[in-house]
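To start, the structure itself, in structure tokens.
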Amino acid sequence: MMNNSGRVILNTGFLYANMLVTLAVQLIAVRLVLQALGPVDYGIYSIIAGLVAMFAFMNVAMSAATQRFLSYTIGVGNLKELKEIFYHSVLLHLLIGIIILILLEIGGNYYITHILQAPKARMEVAQILLHCITFSTLANIITVPYEADINANENLGAIALINILDSLMKLGTAIYIGFSSQDKLVVYGLLTAITISLTLLIKILYCRKHYPESHIHFHSIKQWKKIKDIASFAMWNLIGSGCSIIRYQGTAILLNAFFGILINTAYGIAQQVNGLLIFFANTIVRAIRPQIIKSEGGGDRTRMLQLSYTTCKITSLMVAILAIPLYIEMDFILNIWLHQSPTAECIMFCRAFLIIVFINQLTIGLQIAIESVGKIRNLQIIVGSMHFLSLPFGYMCMKMGLPANAIMICIIIEEIICIGLRTLIAHKQTGLTYKPFLLKNILPTICLAFMTWGLLQSVHDLLLHNMPWTSCILVSAFSIIIISTVAYKYVLTFEEQRAINNFGKLILNKIKSKQ
């Protein structure tokens with residue numbers, strides 16, 4: 001049987017292959033879709049898709065709850081309990097699907113009819129698009145327990161292959177609408193719904209073939225306490241997830257109300273950049289998350305906390321490696337990507353999202369640690385409330401006549417405050433010693449990222465601003481070299497350095513054994 005280190009390495013390899021293909025495909029697809037739809041229709045798609053995501057936040061909460069309980073139970077080693085948890089999760093998701101269907105049909109139609117700032121000739125198309133995206137959302141809800149089961153069993157190679165197939169189908173959709181003679185926005189919505197449904201059907205069939213707990217036989221509920229535990233965990237997670245999604249999609253609605261539909265195109269492009277960076281960060285976290293939760297399920301709190309500390313450090317440093325060159329070269333990169341000069345608002349939104357994601361990753365491991373313990377009420381109420389508060393402050397700023405970037409500054413300030421809040425909550429719930437964590441994890445990581453950005457920004461401004469391709473290549477290369485070498489020498493602990501060395505030796509041994 002493969003040991004934990006080997007499994008983490010193998011899963012990381014699968015996930016990075018998935019990430020490289022998905023990122024490349026999405027970068028191409030977004031550009032093709034923007035060119036095919038045009039700024040107005042793309043703005044409509046962005047805000048409608050965001051509206052659906054805002055109403056579907058219950059599904060996000062249930063997904064986290066399902067994976068947590070499945071991973072924890074696998075760590076305990078109780079197969080009978082695992083089957084019951086999966087069955088209860090399926091029942092809860094069916095209930096959530098009905099609730100979200102009602103919310104989407106009532107709330108979405110009301111928003112399009114009475115609030116959306118868009119050309120009247122496109123209102124009927126917006127209604128059709130809403131139904132397409134709603135169908136996609138319902139398909140996602142039904143299959144959440146199945147994807148959570150694959151993740152909990154750490155068979156991430158299957159997830160990687162399915163996601164690559166999904167990305168290729170989405171690229172085919174993006175190419176097709178460029179040649180379609182029908183209404184391109186309607187065609188894009190329909191084909192996207194079909195693609196998502198096919199992908200999720202594959203996940204269901206895969207689970208039923210490989211995991212006995214996914215074979216559902218409907219029966220009367222005997223363990224109401226277990227459903228109560230899962231629903232309670234999901235309810236508190238619902239608050240945090242809901243506030244986070246409302247923060248971003250509420251920002252889109254505010255921008256639309258104050259500045260019109262075209263600024264939603266800029267914000268929508270920035271959200272694509274944000275999504276890609278979050279996807280990159282989640283790729284790193286996804287391979288280690290089950291190990292953190294299983295460690296807690298197996299009663300090893302020390303290992304759970306150590307993995308959480310390392311996750312905070314590694315993910316934030318990896319994000320910094322990518323985010324710093326993107327921040328410095330954003331104008332040039334967007335020009336190449338979109339095949340047109342980006343607006344000042346688009347560049348500003350993209351850079352703000354880079355900062356927000358980096359700040360969030362500084363404590364992502366602590367969030368997983370708190371989830372593994374199961375005591376998430378305080379985390380979700382306190383941090384979720386902070387996410388929500390950025391909206392009224394942003395509204396006041398724009399009401400005072402401040403530019404669109406004011407609301408992004410509010411979100412950045414709120415994320416900085418959340419670093420301290422998550423650390424204090426983790427101290428109370430898991431026994432984390434917050435002072436060493438701040439001094440050995442947070443402070444060195446921030447200092448290294450800020451130092452690297454200052455150095456590379458100076459090099460770009462003084463020497464390379466007239467050589468865009470050279471600047472982009474060199475800034476990216478030096479970002480990798482500086483952060484990797486300095487972090488290994490001065491930021492990582494001796495145990496983390498030894499783990500990296502052991503991982504490297506294991507990979508070399510595997511390569512030699514195959515030769």
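The values are calculated or read from the model by the stated rules, or taken from the named source; none is laboratory data. Note that the coordinates shown come from a computational prediction; the quantities given were computed from them, not determined experimentally. Please note: Cβ atoms are built from the backbone with ideal geometry, for glycine as well, and neighbour counts cover all protein chains shown.
Identify the residue in the range 386-404 that is farther than 20 Å from Cys346 by Cα and hydrophobic (A, V, I, L, M, F, W, C) and, among all such residues, is surrounded by the fewest Cβ atoms within 10 Å (Cβ to Cβ).
Checking each candidate, the answer is Met400.
Which one of these does His114 not meet: (1) at pLDDT below 75; (2) of a type outside the set (Phe, Trp, Tyr); (3) more than 26 Å from the chain's Cα centre (by Cα)?
Answer for His114: the failing condition is (1).
How about the range 306-361: which of its residues are in contact with a helix residue (DSSP H, G or I) (Cβ under 7 Å, 6 or more places away or on another chain), among the polar types (S, T, N, Q) and surrounded by fewer than 22 Cβ atoms within 10 Å (Cβ to Cβ)?
Residues satisfying the conditions are Thr310, Ser341, Thr343, Asn360.
Of the conditions (1) surrounded by fewer than 23 Cβ atoms within 10 Å (Cβ to Cβ); (2) at pLDDT 65 or above, Ile44 fails just one. Which one is it?
Result: Ile44 fails condition (1) only.
Select from the range 400-424 the residues that are at pLDDT 90 or above and not aliphatic (A, V, I, L, M) and write down the one among them that is nearest to the chain's Cα centre (by Cα).
The extreme case among them is Glu415.
Look at the range 210-258 and say how many of its residues are surrounded by fewer than 13 Cβ atoms within 10 Å (Cβ to Cβ) and among the hydroxyl-bearing types (Ser, Thr, Tyr).
1
Can you tell which of Ile128, Ile150, Ile133, Ile162 is β-branched (Val, Ile, Thr) and closer than 24 Å to Ile227 by Cα?
Ile150
Within the range 27-34, can one find any residue that is modelled with pLDDT under 65 and surrounded by 21 or more Cβ atoms within 10 Å (Cβ to Cβ)?
No, there is no match, as no residue in the range 27-34 is modelled with pLDDT under 65 and surrounded by 21 or more Cβ atoms within 10 Å (Cβ to Cβ).
A quick yes/no check of all residues on (1) in a helix (DSSP H, G or I); (2) at pLDDT 90 or above; (3) buried (at least 17 other Cβ atoms within 10 Å of the Cβ); (4) more than 29 Å from the chain's Cα centre (by Cα):
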site: Ala449; (1), (2), (3), (4): yes, yes, yes, no
site: Thr452; (1), (2), (3), (4): yes, yes, yes, no
site: Val459; (1), (2), (3), (4): yes, no, no, yes
site: Leu462; (1), (2), (3), (4): yes, no, no, yes
site: Thr470; (1), (2), (3), (4): yes, no, no, yes
site: Leu474; (1), (2), (3), (4): yes, yes, yes, no
site: Ile481; (1), (2), (3), (4): yes, yes, no, no
site: Tyr488; (1), (2), (3), (4): yes, no, no, no
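Any idea which of (1) without any contact (Cβ under 8 Å) to a residue 24 or more places away in the chain; (2) within 28 Å of Ala24 (Cα to Cα); (3) in a helix (DSSP H, G or I) is the one Ser341 doesn't satisfy?
That leaves (3) as the condition not met.
For the range 273-303, how many residues meet the condition of being surrounded by 21 or more Cβ atoms within 10 Å (Cβ to Cβ), more than 22 Å from Asn155 (Cα to Cα) and modelled with pLDDT under 80?
Of the residues in that region, 0 qualify.
For Asn282, work out the one condition from (1) in contact (Cβ under 8 Å) with a residue 24 or more places away in the chain; (2) on the phi < 0 side of the Ramachandran plot it doesn't fulfil.
Failed condition: (1).
Counting only residues that are of a type in the set (A, V, I, L, M) and touching a His at 6+ places or on another chain (Cβ under 7 Å), give me the helices (runs of 4 or more DSSP H) lying completely in the range 85-190 with at least 3 of them.
So the answer is 123-152.
Among the residues of the range 322-336, is any at pLDDT below 85 and either over 22 Å from Cys472 (Cα atoms) or outside any helix (DSSP H, G or I) (or both)?
no
Given the residues Ile416, Ile382, Ile409, which is the only one that is surrounded by 16 or more Cβ atoms within 10 Å (Cβ to Cβ) and closer than 19 Å to Cys312 by Cβ?
Of Ile416, Ile382, Ile409, the one residue that is surrounded by 16 or more Cβ atoms within 10 Å (Cβ to Cβ) and closer than 19 Å to Cys312 by Cβ is Ile382.
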